[in-house]
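Taking it in order: structure first as structure tokens, then the write-up.
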Amino acid sequence: MRTHSGGITNRWLSLTQGVAFEDHTEEDYIQLYSELIELGKSKDAQNAIATNIDEIHAYLVNHHGIEPIAPFSSTKRAHHRTGYLSETMFQAILNNADNLEMTKDEIEAVKLALILGQRCGLRIGEIVKIRLKDVAITSAYLEVRNNKYGNNKTGSALRRTLLEQLLTNSEMSFFKRVELRRGKSKGDTLIANQAGMAYRASDLSKTISQLIKTTTGLSHLTTHHLRHSFLTNFQLMSFLYDKANAFNGHQCSQTLKDLLPYDEDKSCKILAYIETSLQYKKYMP
């Protein structure tokens with residue numbers, strides 16, 4: 001206990017004053033722990049802090065049911081902090097969501113959260129806060145608001161997401177159907193439970209992480225990897241369709257194209273939007 005206290009107590013208290021941990025998602029913990037580790041004055045000091053954090057988080061997982069995350073210390077760190085959900089895996093996850101022991105409306109909420117994470121790169125904390133009035137009248141785009149503390153550190157959390165560009169045709173139809181139903185129900189958020197109440201980000205994150213793990217059989221994949229997959233798909237589109245790369249025609253090009261949910265025309269339109277508006281930089285952590 002003294003070792004943990006001497007290593008991180010003061011740093012912990014300075015960074016967590018007023019923070020509601022019961023609402024924390026995996027991504028929130030990763031951001032908090034990364035800030036704590038960066039306060040170490042040397043690589044050895046940073047790794048010592050990381051070791052303490054790993055042990056404390058493991059205790060919280062075992063005794064308080066919070067979501068597990070990959071280790072931070074160099075002696076325990078696995079080589080799978082990043083991850084990718086292929087289109088085949090993603091469709092299987094969407095299909096398996098129908099087997100969740102939830103009401104139809106709640107299953108649709110989970111599926112829409114999956115789509116917004118995988119296609120738009122939205123964090124769970126952002127998804128649960130989307131209000132119906134944040135969606136354009138035409139449903140063409142939505143506004144991503146401030147985080148729950150109202151103190152965004154970067155402009156990445158203050159952006160407009162073009163749904164018509166990023167969602168497939170079937171996903172766009174699904175989005176509009178959910179939006180229409182929610183407009184006639186209780187509550188003001190786009191995603192809500194049967195009673196119309198907004199989800200806690202941590203609860204929804206756990207549900208989705210478990211669904212991803214169960215479907216794929218890969219224990220290291222979590223909700224956080226939906227966003228990773230969005231960024232990877234963007235990089236893949238840029239690699240395949242940016243004329244400067246001259247990659248088209250390579251023997252592997254078709255195999256890589258099959259990983260994407262979009263055809264070449266839609267991919268090029270997405271690239272034109274993101275690159276010309278500098279949205280890609282805003283998406284990056």
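The values are calculated or read from the model by the stated rules, or taken from the named source; none is laboratory data. In this text the structure is predicted, and so the values were computed from the model without any measurement. Note that each Cβ is placed from the backbone with ideal geometry, even for glycine, and that neighbours are counted across all protein chains shown. Heads up: the accessible areas ignore ligands, DNA and RNA and are worked out on the full protein's heavy atoms, side chains in. Shrake-Rupley method; radii C 1.70, N 1.55, O 1.52, S 1.80 Å.
Below are the figures for this structure:
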quantity: Rounded if a/c under 1.5, otherwise prolate or oblate - region 163-238, Cα gyration tensor axes; calculated: oblate
quantity: Placed amide H near R159: partners under 5 Å, 5+ positions off or other chain; calculated: V144
quantity: Distant-in-sequence amide H partners of T189 (H built 1.01 Å from N, under 5 Å); calculated: L132
quantity: Integer Hz, Karplus 6.51/-1.76/1.60 couplings in order for region 212-224, x for Gly and Pro; calculated: 5, 4, 5, 6, 8, x, 10, 5, 7, 7, 9, 3, 4
quantity: Karplus (6.51, -1.76, 1.60) ³J(HN,Hα), θ = phi - 60°, over region 46-60, in Hz, Gly and Pro reported as x; calculated: 5, 6, 5, 4, 4, 5, 4, 4, 4, 5, 5, 5, 4, 5, 5
quantity: Stretch gain in nm, segment I137-D242, where the contour uses 0.36 nm per residue and the Cα spacing is subtracted; calculated: 34.5 nm
quantity: Extreme residue, positive dipole direction of region 157-239, given options H225, G183, T214 (C-beta unit charges); calculated: G183
quantity: Per residue accessible area of region 171-241, 1.4 Å probe, in Å²; calculated: 42 Å²
quantity: Of K104/K266; K43/K213; K206/K269; K176/K266, pairs whose Cα-Cα distance is over 25 Å; calculated: K104/K266; K43/K213; K206/K269
quantity: Label-to-label distance, nm, for residues given as R177 and Q251 (7 Å Cα→Cβ offset); calculated: 4.4 nm
quantity: Two-site FRET efficiency, M102 against H64, from Cβ-Cβ distance with R₀ of 30 Å, rounded to 0.05; calculated: 0.80
quantity: With all protein chains modelled, accessible area of R123 [1.4 Å, Å²]; calculated: 50 Å²
